[in-house]
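J.: A single structure is presented below for examination.
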Amino acid sequence: MNEREGDLRVPLISFLLCLCVLIGGIFLFLYLFVPNLSEPWFPPIALILIGFPWFVWLLTYIYTCIKRCFGVSSNNMDSNRQISRRASTLSNSRMARNGSTTNASNNNNVNVN
């Protein structure tokens, strides 16, 4: 976590996306409510600027899906996978031990009869 403490990427990208929506909203407002100052290119630019963050999030979602499907992983994902494998191995070994003790007690009951 210490590596990300001074990282400005997320706030910078969030600021730029908010700025796009704000500028697009200004263009749309000018087109709708101040027809004297509006130009014919205001609506397309406004819609493009307002829709740009949606496009970015859609690309991010697609990238995440592709990353998981094709196994492209970073060190964090590898360590998470190893942890989950260890947890599943531990739970399987516990289940196997519980099953073997149950089988042993059932065998003892069968021999007693």
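FYI, it's all coordinate maths here, none of it is from the lab. Note that the structure is a prediction, hence the values are computed from the model and not measured.
J.: Expected output is a single nm value to one decimal: the length gained when fully extending between S38 and C65, i.e. 0.36 nm times separation in residues minus the C-alpha distance. What is it?
T.: 5.6 nm
J.: Can you give the Kirkwood hydrodynamic radius of the stretch 7-76 from its Cα pairs, in Å with one decimal?
T.: Every distinct Cα pair counted, the radius reaches 14.2 Å.
J.: Oh, and also: Starting from the Cα-Cα distance between L22 and V10, subtract it from 0.36 nm times their residue separation and give me the gain in nm to one decimal.
T.: 2.5 nm
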